[in-house]
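Beneath this line is the structure, given in structure tokens, with notes to follow.
Please treat every number below as a calculation from the coordinates, not as lab data. Remember, predicted model here, so these are calculated numbers, not experimental data. Note: ideal-geometry Cβ built from the backbone for every residue, glycine included; neighbour counts use all protein chains shown.
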Amino acid sequence: MGQALQNLWKRLSIVEARIQQENSRLRIDDVRLSLLKQMKTDLRARIRIAELQDHPPVADSAAHDTRISA
């Protein structure tokens, strides 16, 4: 029974090490994902700014409506 118990403890140790490795990998993936999301947000903001600079906003047609409301 002693050898079987030692084998179980050894297997548990291996599984715990794998869990730690996987947690580390997941943390790294989370950081990468966060960085990619931030890059996406920054690029969209830069695109909006570039579009506004290339195409000034069209005046609101309601502001130039000369008709008198009833």
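What to note about this one:
- Gain upon complete extension [Asn23, Leu5; 0.36 nm per residue less C-alpha separation]: 3.8 nm
- Couplings for segment 20-36, taken from phi via the Karplus curve 6.51 cos²θ - 1.76 cosθ + 1.60 with θ = phi - 60°, read 4, 4, 5, 4, 4, 4, 5, 5, 5, 4, 4, 5, 4, 5, 4, 5, 5 Hz in order; Gly and Pro are left as x.
- Once the chain from Ser34 to Val15 is taken as fully extended at 0.36 nm per residue, the excess over their C-alpha distance is 4.0 nm.
- When the charge dipole of segment 9-59 is built from unit charges on Cβ atoms (+1 for Lys and Arg, -1 for Asp and Glu) and taken about the Cα centre, the candidate among Ile14, His55, Ser24 whose Cα reaches farthest toward its positive end is Ile14.
- Judged by the ratio a/c of the largest to the smallest principal axis of the C-alpha gyration tensor, segment 1-48 counts as prolate, that ratio being 1.5 or greater while a/b is larger than b/c.
- Student exercise, segment 3-56 dipole from Lys, Arg, Asp, Glu Cβ charges, in Debye to nearest 20: 180
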